[in-house]
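The values are calculated or read from the model by the stated rules, or taken from the named source; none is laboratory data. Owing to the predicted nature of the structure, the values given are computational and were not obtained by experimental measurement. Here the Cβ is made from the backbone with ideal geometry for all residues, glycine too, and neighbour counts use every protein chain on show.
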Amino acid sequence: MPKKQFDFMREILAAPSPIGLEGAMSYGVIKPTFDKIKPKSWAVQQFKGNAGIVLDTHPGDDEKPSVMFIGHADKIRLQVRSIGSDGKIWVNSDSFLPCTLIGHEVKLFSQK
């Protein structure tokens, strides 16, 4: 993979995007990239209450055919189960490949 693409993928994966809160990734990483590369005649549509982004290839002209690209934004999710007296954090994962997580560093996000 070319370095530029790899760096973009790394930026996407570094953005917090737990289920229901994917906006940091969608609006903070992907939308600014779309804004830079899309043709000037295209529009980026956002919908309130939804982290999805739609590229409108012909804004205001509903007679032309549309093409939609769809991607799933959720990442591997870990839910903190407990924190031990030694500071060790125990997690549950709904990942379909939980063994891929063993020994890897993770980032924790919280409201506080």
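Things to note:
- Look at the stretch 61-86: where a residue is closer than 26 Å to Tyr27 by Cβ and surrounded by 10 or more Cβ atoms within 10 Å (Cβ to Cβ) and a partner is among the hydroxyl-bearing types (Ser, Thr, Tyr) and modelled with pLDDT of 80 or more, sitting 6+ places away or on another chain with Cβ atoms under 8 Å, you get Ser66/Thr57; Ala73/Ser26.
- Looking only at the stretch 9-41, and only at residues there that are hydrophobic (A, V, I, L, M, F, W, C) and farther than 22 Å from Leu78 by Cβ, the one that is surrounded by the most Cβ atoms within 10 Å (Cβ to Cβ): Ile30
- Restricting attention to the stretch 10-42, the residues being over 30 Å from Pro65 (Cα atoms) and more than 8 Å from the chain's Cα centre (by Cα) number 7.
- Wholly within the stretch 17-112, strands (runs of 3 or more DSSP E) carrying at least 3 residues that are touching a Pro at 6+ places or on another chain (Cβ under 6 Å), at pLDDT below 80 and β-branched (Val, Ile, Thr): none
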